[in-house]
Amino acid sequence: MDIRTAIENRRSVRKYDTTAEVSPDLINDLLDAARLAPSWKNQQCWRFIVVRDPEKKKKLAESLYEGNPAVKALVDAPVVIVVCGDPDASGKLDGKEYYLLDTGLAMQHLMLVAHAQGLGTCWVAWFDEDTARSACNVPAEYKVVAMTPVGFPAKEPQPRPRMELEEMVYLDEWEKPYF
Ligand SMILES: Cc1cc2nc3c(=O)[nH]c(=O)nc-3n(C[C@H](O)[C@H](O)[C@H](O)COP(=O)(O)O)c2cc1C
């Protein structure tokens, strides 16, 4: 699959085929794509936890705040990948914490390659960090940034709407129309 098609057709998948296993080779391919992402001074502050243990997946699902639509996805998908970042290993400038960008870029690589492999993912960030931390024994110096279920979709979600370029792109200065 070419990159443009992967970008256009990726969706946040929240319904998974509970019978279809995901091989270690496939997961390794996704992790390798994550590893190749750009990062602050190439510090690669990210760490990934591949969770297959059903009890740990359940505990991660319990860390989600009430109303989060991804709870069942974390239980049903055969794999959950948790991404953690070390804020001290990445940059901080003008209030911007770049470990969030580093981990986000790595996960976007992972999610696009997952889609190209026929797998579904869903970036999940609305959770109680302490509960997620204790589920996977993440040390205090790392932030638990996000997690994603990884599995074969049981249902292809509809595309979510996006703003038009006219609403977000300016020419030379703020609010001067580009288009
Ligand atoms: C920073 C961030 C946090 C998100 N947190 C959650 C979440 O906790 N639960 C969930 O179901 N989806 C979550 N999402 C997925 C978004 O809802 C989804 O990307 C958005 O609705 C667009 O849909 P699409 O990914 O299918 O294009 C998150 C996405 C991002 C980028």
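The values are calculated or read from the model by the stated rules, or taken from the named source; none is laboratory data. Nothing here was measured: the structure is a model prediction, and the numbers come from that model. Cβ sites come from the backbone with ideal geometry, for glycine too, and all protein chains shown count toward neighbours.
Numbers for the structure displayed
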item	result
Every pair of residues 6+ apart whose Cβ atoms lie under 7 Å, when the first sits in region 18-34 and is assigned to a loop (DSSP other than H, G, I, E, B) while the second is among the β-branched types (V, I, T)	V22/V79; V22/V150
Total residues in region 104-153, condition in a loop (DSSP other than H, G, I, E, B) and either closer than 23 Å to E66 by Cβ or at pLDDT below 95 (or both)	6
Condition met for E156 (at pLDDT 95 or above, in contact with a Lys or Arg (Cβ under 9 Å, 6 or more places away or on another chain) and within 13 Å of the ligand (Cβ to nearest atom))	no
Count of region 61-97 residues which are within 23 Å of Q44 (Cβ to Cβ), out of contact with any strand residue (DSSP E or B) (no Cβ under 7 Å at 6 or more places or on another chain) and in a helix (DSSP H, G or I)	2
Any chance A37 is modelled with pLDDT of 95 or more, part of a helix (DSSP H, G or I) and under 16 Å from the mean Cα position of the chain (by Cα)	no
Out of R47, R52, sole residue that is surrounded by fewer than 21 Cβ atoms within 10 Å (Cβ to Cβ), among the charged types (D, E, K, R), closer than 24 Å to K155 by Cβ and at pLDDT 95 or above	R52
Matching residues, region 6-17, being in contact (Cβ under 8 Å) with a residue 12 or more places away in the chain, within 16 Å of the ligand (Cβ to nearest atom), out of contact with any Lys or Arg (no Cβ under 6 Å at 6 or more places or on another chain) and more than 18 Å from V82 (Cα to Cα)	A6, I7, N9, R10, R11
Conditions (1) under 18 Å from R47 (Cα atoms); (2) surrounded by fewer than 17 Cβ atoms within 10 Å (Cβ to Cβ); (3) away from the ligand (no atom under 16 Å from the Cβ); (4) not basic (K, R): number failed by Y170	(1)
Residue among A77, A70 that alone is touching a residue at least 40 places away in the same chain (Cβ under 8 Å), within 13 Å of the ligand (Cβ to nearest atom), in contact with a Gly (Cβ under 9 Å, 6 or more places away or on another chain) and under 17 Å from A135 (Cβ atoms)	A77
L60, sole failed condition from (1) closer than 24 Å to E129 by Cβ; (2) free of Cβ contacts under 8 Å to residues at least 40 places away in the same chain	(2)
